[in-house]
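Report on one structure; see the data block that follows.
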Amino acid sequence: MTLPFELSAPQSHAVDYQHFILDSPSPFHAADLVAQRLVDAGFSLQDEADPWDASPGGHVMVRAGAVAAWVVPDGLAADAGFRVVGAHTDSPALQIKPSVQSAGPDGFGQVDVEIYGGMIQNSWLDRELAAAGRLMTADGRQVLVRTGAIARIPQLAIHLDRSVNESLSLDPQRHMHPVWTVDSEADLLDLIATAAGLSGRDEIVSHDLILTPAQGPGTFGEGGRFFASSRQDNLSSVHAGLRALERLAETGTAGSGDVLVFMCFDHEEIGSATRTGAAGPILETVLRRTAGALGRRGDEVERMLAASSCVSADAAHSVHPNYADRHDPAVRPVLGRGPVLKINANQRYATDAEGAALWRRACDRAGVDSQVFVSNNAMPCGSTIGPITATRLGLLTVDVGVGLLSMHSAREMSHVDDLLALSQALEAYWSGA
Ligand SMILES: [Zn+2]
């Protein structure tokens, strides 16, 4: 199809990002999509239960909602290390409880949910929600599934709560209870089974399902520069890393001489302490099995780790124009002025001077601007996978990410220029900056 106009580089990156978000309603979908796209780019799929493949070229492995890729150069040097880009596939969501549904008052049918992660609850009201995740079948298969818009948490009319604009207080059990039907005997799990191509709910033994906003992403504002969507924390980083690896695979760039690793964890939003989270063993498993398959033994493995580094990419905070005093008075990251380097004295971010210098080299090499985030001392600081990775593995780690407004809202806001710039800086890091 020929368009009547040409997209700029950030706009075409944003179009691909839009598709990536649409196709990644759950961490399982995101991990699967990263693997599929890398296989299309020539990577080979690794089964964890098989002997580890570290032959020259790209490899990718999926473990539930996490995905790891590694690219081994031809003729690995004795002093080579790993260049790791870390990100996470999960976002705040409403996880469907084992009971799945219950009868509400007056004939309403409601979806029973647990709140996953630190969501801004009010932003999830009045949004159509889709179900997505994985089903385990009686014959032992895992099936990914997604539905269209099936539920919604309606707000209370202002006439029934005149104080809503002064103080909205939401009880997570009572008030965050989505409606999906009325005067009907319909079975939600049956509907989900059908959406998955199964014959009915009897085929489902267990499930990991969430409700997530069904509305697709969109651009808005002057020149279409602003990008609005759910799950940008942290699909903005997963997609940026994926595109960087795809470009490296296309151009056949030799890279840095190090082993390139892309590690997308799950469960960052709930503290990372799981078998697929950053506090678990998955990254170390990937690094040690790769080193082992490359013939490294004992101290040679430790040497390889010592020569390694990690760029931990996770969404960052842009200054908010309506709450300008919540930020540091002097250090003011703004949407559109480049990806953000995150610094915190209490090591809620892992960045130190050495990591900051590494990031600066990557941005210089990519020709992109970068900006810095540091907290206002009166505001507690969030954290991310960077400090956890640094603490577990001792890797030199730097925390970066795309600036957002409305982080953990059901619809977050970014800038298309930053999305591409992050991807370019990650590519430059992997290329040897
Ligand atoms: Zn995040």
Given the criteria among the polar types (S, T, N, Q), open to solvent by less than 10 Å² (accessible area, probe 1.4 Å) and modelled with pLDDT under 95, does T384 qualify? yes
Does D183 fit the bill of being surrounded by 13 or more Cβ atoms within 10 Å (Cβ to Cβ), among the acidic types (D, E), outside the structural domain of L22 (by TED's automatic domain parsing) and away from the ligand (no atom under 16 Å from the Cβ)? no
Enumerate the pairs (first residue in region 284-312 and farther than 20 Å from A350 by Cα and in the same structural domain as S55 (by TED's automatic domain parsing); second residue anywhere and surrounded by fewer than 16 Cβ atoms within 10 Å (Cβ to Cβ) and of a type in the set (S, T, N, Q)) with beta-carbon separation below 9 Å, excluding pairs fewer than 6 apart on the same chain, so at least 6 apart or on different chains. A293/S55
Residues that are within 16 Å of the ligand (Cβ to nearest atom), at pLDDT 95 or above and open to solvent by less than 10 Å² (accessible area, probe 1.4 Å): does region 278-294 have at least one? yes
Is one or more of the residues making up region 379-386 within 15 Å of the ligand (Cβ to nearest atom), of a type in the set (S, T, N, Q) and either within 21 Å of A278 (Cβ to Cβ) or assigned to a helix (DSSP H, G or I) (or both)? yes
Identify, from the list R231, R297, the residue that is of a type in the set (K, R), away from the ligand (no atom under 16 Å from the Cβ) and at pLDDT 95 or above. R297
Within region 316-324, is there a residue that is assigned by TED's automatic domain parsing to the domain that holds T397 and open to solvent by less than 10 Å² (accessible area, probe 1.4 Å)? yes
I need a count of the residues in region 12-35 that are open to solvent by 60 Å² or more (accessible area, probe 1.4 Å) and out of contact with any Leu (no Cβ under 9 Å at 6 or more places or on another chain). 2
Answer residue from region 58-78, given it is closer than 18 Å to G292 by Cβ and open to solvent by 30 Å² or more (accessible area, probe 1.4 Å) and is nearest to the ligand (Cβ to nearest atom) among those: V71
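The values are calculated or read from the model by the stated rules, or taken from the named source; none is laboratory data. All of these numbers come straight from a predicted model, not from anything done at the bench. Don't worry about glycine lacking a Cβ; one is built from the backbone with ideal geometry, like all the others, and counts go over all protein chains shown. For the accessible areas, the whole protein counts, side chains as well, though only heavy atoms, and no ligand, DNA or RNA atoms are used. Shrake-Rupley method; radii C 1.70, N 1.55, O 1.52, S 1.80 Å.
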